[in-house]
Amino acid sequence: MDTELLKTFLEVQHTRHFGKAAENLYLTQSAVSFRIRQLEQQLGVHLFVRHRNNIQLTAAGARLLPHAQTMLSALQRARQDVTQSIQQLQQLSLGATANLWESVLLPVFLPLAAAKPDVTWRTDSLNREASTRQLLEHQLDIAILFDPPKTDEITLVKLTEIHLLPVSSCKEQHAAGKPDERYCYVDWGSNFDVKHQRHFAEQQVVQLKTSSASLAKAWLLQQGGCAYLPAQFVSAELAAGTLKPLEATPSLTLDLYAAYLTDKEYQPQLQAVIRLLQQWQT
């Protein structure tokens, strides 16, 4: 299938307007219409419903959308890999959730990149499902996860243990010394949820639910409340006294894993990167 047809399909879907899509693609509007007709003829379905200036995807068009995105993403990755092979550089992609990037990986990624000058990097913020899908589709080399997929196709290596502390904003202490009951829930994955439900009070009022550790910490410091955050991530605030641990609430420990495809053709490079990650997490 001609990838230019898929690019045109995605641009029309994005702009919902043939004229604007033509401008963005530096084509005439008739050329855009012709490409969409070609794609519809090849697939044997209608992709858009046209009502004056209101263009909507048909059910078939909606089903095509993720496939078109995946195909073009895979093509872009192939081009990058070919270019890097010509330059004798290895490109590796590393994916993790936003809160892991902010609270755990950022301090170690820059030394990792400096230690591997022969590697070019692509980093992505992905949830667990997207990480697993991209690993299996060969779009991601290493995923850093608390809840790794259990399949023979993926190799798992434990990196470290992350200690999550229940902490509270000091300015929100009650007169009796009890912490503010307002709660900021940070999404640390399903294993966290299982342990969390055993220990944390159900009467906590969840005022913020987020997948960003940085946002949660800023929320506590400015708005008050409490949350589970990695001990190292809040060490400066604990030392300064702007955050305090909730002594009556237990801390939680989660295993952090690196995951990669078992049959990956450049396993030695991946394993070398993982060993460095293990070294710097200790």
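Condition check ((1) of a type in the set (S, T, N, Q); (2) at pLDDT 90 or above; (3) closer than 23 Å to P107 by Cβ; (4) surrounded by fewer than 19 Cβ atoms within 10 Å (Cβ to Cβ)) across all residues:
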{"site": "A176", "(1), (2), (3), (4)": "no, no, no, yes"}
{"site": "P179", "(1), (2), (3), (4)": "no, no, no, no"}
{"site": "V186", "(1), (2), (3), (4)": "no, yes, yes, no"}
{"site": "H199", "(1), (2), (3), (4)": "no, no, no, yes"}
{"site": "V205", "(1), (2), (3), (4)": "no, no, no, yes"}
{"site": "K209", "(1), (2), (3), (4)": "no, yes, no, yes"}
{"site": "A240", "(1), (2), (3), (4)": "no, yes, yes, yes"}
{"site": "E247", "(1), (2), (3), (4)": "no, no, no, yes"}
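Can you pull out the residues in the range 222-244 that are outside any loop (DSSP other than H, G, I, E, B) and within 17 Å of W188 (Cβ to Cβ)? Don't jump to the end; show me each part of the working.
Filtering the range 222-244 down to residues outside any loop (DSSP other than H, G, I, E, B) leaves 222-223, 226-230, 232-240, 243-244.
Across the range 222-244, the qualifying residues are C226, A227, Y228, L229, P230, Q232, F233, V234.
Does the range 92-99 contain any residue that is in contact with a Lys or Arg (Cβ under 6 Å, 6 or more places away or on another chain) and at pLDDT 90 or above?
Of the residues in the range 92-99, the ones in contact with a Lys or Arg (Cβ under 6 Å, 6 or more places away or on another chain) are 93.
Now narrow it down to the ones that are at pLDDT 90 or above: 93.
Looking for residues that are in contact with a Lys or Arg (Cβ under 6 Å, 6 or more places away or on another chain) and at pLDDT 90 or above, one finds at least one in the range 92-99, hence yes.
Tally the residues that are among the hydrophobic types (A, V, I, L, M, F, W, C), in contact (Cβ under 8 Å) with a residue 12 or more places away in the chain and surrounded by fewer than 18 Cβ atoms within 10 Å (Cβ to Cβ), restricting the search to the range 28-47. First the steps, then the outcome.
First, pick out the residues of the range 28-47 that are among the hydrophobic types (A, V, I, L, M, F, W, C): 31-32, 34, 36, 39, 43, 45, 47.
Narrowing further to those that are in contact (Cβ under 8 Å) with a residue 12 or more places away in the chain: 32, 36, 39, 43, 45, 47.
Then keep just the ones that are surrounded by fewer than 18 Cβ atoms within 10 Å (Cβ to Cβ); that gives 43, 45.
Result for the range 28-47: 2.
Please go through the range 106-153 and give me each residue that is part of a helix (DSSP H, G or I) and of a type outside the set (A, V, I, L, M), ordered by number.
Going residue by residue through the range 106-153, those that are part of a helix (DSSP H, G or I) are 106-115, 128-136.
Answer for the range 106-153, where residues must be part of a helix (DSSP H, G or I) and of a type outside the set (A, V, I, L, M): P107, F109, P111, R128, E129, S131, T132, R133, Q134.
Table: residues versus (1) touching a strand residue (DSSP E or B) at 6+ places or on another chain (Cβ under 6 Å); (2) among the β-branched types (V, I, T).
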{"site": "H196", "(1), (2)": "no, no"}
{"site": "Q207", "(1), (2)": "yes, no"}
{"site": "S212", "(1), (2)": "no, no"}
{"site": "L215", "(1), (2)": "no, no"}
{"site": "A231", "(1), (2)": "yes, no"}
{"site": "T242", "(1), (2)": "no, yes"}
{"site": "T249", "(1), (2)": "yes, yes"}
{"site": "L254", "(1), (2)": "yes, no"}
{"site": "Y260", "(1), (2)": "yes, no"}
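The values are calculated or read from the model by the stated rules, or taken from the named source; none is laboratory data. Here the structure is a predicted model, which means the values were calculated and not measured. Here Cβ is always computed from backbone atoms with ideal geometry, including for glycine, and neighbour counts include all displayed protein chains.
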